[in-house]
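Notes follow the structure.
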Amino acid sequence: MATEHIKSYYKPSPEELRAFVNVLLDKDMPMYVQDSGIQNSLLLEQHEDEEVAPMFYFSEHRYLGNTIQLPGHDSAGDHVAANNPFTLQNGLVVTYGDINALSGDYFGLMTPISRGTTLKDRKDRFQQSFDLLNVGEVGKRRAEAVIAKLKVLMAAVDDAIEHDQKAVHKAYQDHPLDIDALKQVTVAYKAGADFDTLALHNIDHFGSEARLTYNAGHALALEVAAQGDLQKAYSINAFADHFLQDSFAAGHVRVPRNALYSLDVKVDFSISFLKAIASNLWQVMHDEDGNLGLHVQNLAGEKWKIYGDTRLFDPVNSNNLRICTEAIKVSVQEVYNAYKLRKVIDESQFGAWRLAPILELVSSHPENHLPLLFVKSDGKIYKRNGNPGEGVLLDTMWDYVGFLLENINMLEKQIQLQFQKIIGNNLGSLVGNLSSGQIAH
């Protein structure tokens, strides 16, 4: 998959391409194609006023961080994080849970932290990402704007948590928010990568990469705590705990996000359509695993089932909520211990991972559905075919197009809308490049 010449490849005709797009976008949303030779314009019904749920679930991260206690940080007379906000270097006032929620999804660099080759390199990248939130007026303003955009949703979720946790999922449905508003905020306040770019480069939130990212941030927090600055250490650790929390979400455990990211960066994305294809592949499996759930076990000997985003408070996910909360408590306690003892521990001793799912055992669990996508020993990506360990090789861009077409209904509504808009805006240039042979398949 590259723009240079490949010996043989299939080039769909403009008619075939239009047929593909019509099938892909047939989601009760009118689409009109006007033929104009090679260049075609696709006019989609604009859903500017339609609100959809946020791609990442701020309220769940925020809740997890705000319910734990912060020993040694009790400005409100107790240790509960929700009642003890921090004042960051730039004057931003946020709670531990707020930082959990802002980390990674709204603040970060385009370069993944987990791609650092050494722990020091990863800690440096983590520090740079945290400083986008901690230092500078623009970071303060971005954070305040994001929280303001999510205020109604957060209030609805908080109310459901307090009165009927079974209703939390419905609160997301009843109080959706337009993703475009979040994009606009992160573009307006240039504190690192914007919302779209962070989503495209989000490998730090998945699998072993989430563990590398948490370890970098937690190690940094321990160092700062051992030097005597507990508040800053807690703030850094809150930024790190986002990736620990992700490790308890079913859609983040076994998706081969790193391999798909490598696909992303190999393909020439001068055509936004191709970028949309590649960047949505992970979302399909993320949504399936999150909805169906996965059986897991940890090093402490516990066995339970985990679910995905928006399902943190579902009764079937109660064990997962409990164990995830315990892992965060361990993370916080290690920061406090480093502060009290003026001593750090090695990353091999980080206790939170004793409670997290063992990644290597998830796909082999007999009660789990086969992974939708997986990587074999040859390093290539395969889709399941019903036979464990076999699968069908995804080798060309059009293999991935077909895969997404097969599974488009699994994507959440707001992802379908975003994908639809991208294709609608770029069909003309896509057809032109295919016809001229600029894109190999």
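For this structure, a couple of remarks:
- Footprinting exposure proxy for I99, I381 (fewest neighbouring C-beta atoms within 10 Å first): I381, I99
- A protection proxy built from the mean count of other Cβ atoms within 10 Å ranks the segments 148-154, 250-256, 373-379, 110-116, most packed first, as 250-256, 110-116, 148-154, 373-379.
- In region 52-432, Cα pairs under 8 Å separated by at least six residues give a relative contact order of 17 percent.
- Each peptide in 186-194, 235-243 was scored by the mean count of other Cβ atoms within 10 Å over its residues; highest first, the order is 235-243, 186-194.
- Most tightly packed first, judged by the mean number of other beta-carbon atoms within 10 Å of their residues, the peptides 203-215, 128-140 read 203-215, 128-140.
- Across K123/K340; K140/K329; K120/K151; K183/K343; K190/K329; K170/K305, pairs whose alpha-carbon gap is larger than 30 Å: K120/K151; K183/K343; K190/K329
- Applying both filters, DSSP loop and at most 13 other Cβ atoms within 10 Å, to the trypsin sites (Lys or Arg not before Pro) of region 338-372 gives R342, K343.
The numbers here are math on the coordinates, done by the rules we state, and not lab data. All figures in this text were calculated on a predicted structure; none of them were measured in a lab. With ideal geometry, Cβ positions are generated from the backbone for all residues, glycine too; neighbour counts draw on all protein chains shown.
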